Amino acid sequence: MKVISIRQPWVTLIALGEKEYETRSWQVKYRGILGIHASKNIDHKAFRDNAVSTILAKYGIKKAEELPTGVILAVCKLKACLKVEYQNDDHAILQTNHLITGKEFAFGDFSVGRYVWQLANVQQLPEMIEAKGKLGLWEYKES
């Protein structure tokens with residue numbers, strides 16, 4: 001299974017269905033099933049952001065230390081990888097003329113020239129899988 005490592009709290013927002021787009025500086029040609037891995041590092045500044053902390057609190061998560069790390073916690077379908085064509089203070093437009101606004105815009109770096117990975121059918125795993133993350137898209141093989 002192909003996997004992407006993402007820092008907390010972003011990975012939990014994806015697993016909860018609150019974040020549909022992951023932004024990256026690089027594109028990927030792969031489409032299909034993708035494991036979502038919580039890296040060992042937590043973005044504490046992002047966790048303190050009001051929009052992020054409010055959503056996480058809805059799910060009973062009040063401290064960054066409650067977020068799982070070093071595990072694959074969900075799977076999804078990587079549906080598309082689209083380039084950001086335009087961005088201003090409150091929205092971005094992707095190469096397909098798709099408009100990104102609201103919390104999705106707040107939850108990513110939609111600078112012109114970056115890539116947006118569209119994630120669909122996100123499903124949390126019944127049991128998280130311990131795994132050491134890697135940079136880029138990587139392959140998880142059960143041992």
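Considered as a group, the residues in the stretch 4-50 that are in a loop (DSSP other than H, G, I, E, B) and among the basic types (Lys, Arg) include one that is surrounded by the fewest Cβ atoms within 10 Å (Cβ to Cβ), and that residue is LYS29.
Could you check the stretch 51-87 and list, in sequence order, the residues that are assigned to a loop (DSSP other than H, G, I, E, B) and either touching a strand residue (DSSP E or B) at 6+ places or on another chain (Cβ under 8 Å) or small (Gly, Ala, Ser) (or both)? Selection gives GLY60, LEU67, PRO68, THR69, GLY70.
Look at GLU20 and say whether it is of a type in the set (Asp, Glu), within 29 Å of GLU139 (Cα to Cα) and either touching a His at 6+ places or on another chain (Cβ under 8 Å) or free of Cβ contacts under 8 Å to residues at least 24 places away in the same chain (or both). Taking the combined requirement at face value, the residue does not satisfy it. The one condition from (1) free of Cβ contacts under 8 Å to residues at least 60 places away in the same chain; (2) loosely packed, with under 14 Cβ neighbours inside 10 Å; (3) not in a strand (DSSP E or B) that GLN123 does not meet is (3). The lone criterion from (1) modelled with pLDDT of 95 or more; (2) under 17 Å from ASP109 (Cα atoms) left unmet by ALA38 is number (2). Checking each residue in the stretch 90-107 for being hydroxyl-bearing (Ser, Thr, Tyr) and modelled with pLDDT under 95 picks out only THR96.
With respect to SER39, is the statement that it is among the polar types (S, T, N, Q) and over 13 Å from PRO9 (Cα atoms) true? No; evaluated as a whole, the condition is false for this residue.
Looking across LEU73, LEU56, one residue alone is crowded, with 17+ Cβ neighbours inside 10 Å, out of contact with any Asp or Glu (no Cβ under 9 Å at 6 or more places or on another chain) and farther than 20 Å from VAL28 by Cα. It is LEU73.
The values are calculated or read from the model by the stated rules, or taken from the named source; none is laboratory data. From a predicted model like this one, the values you see are computed outputs, not experimental measurements. All Cβ positions, even for glycine, are placed from backbone atoms using ideal geometry, and neighbour counts span all protein chains on display.
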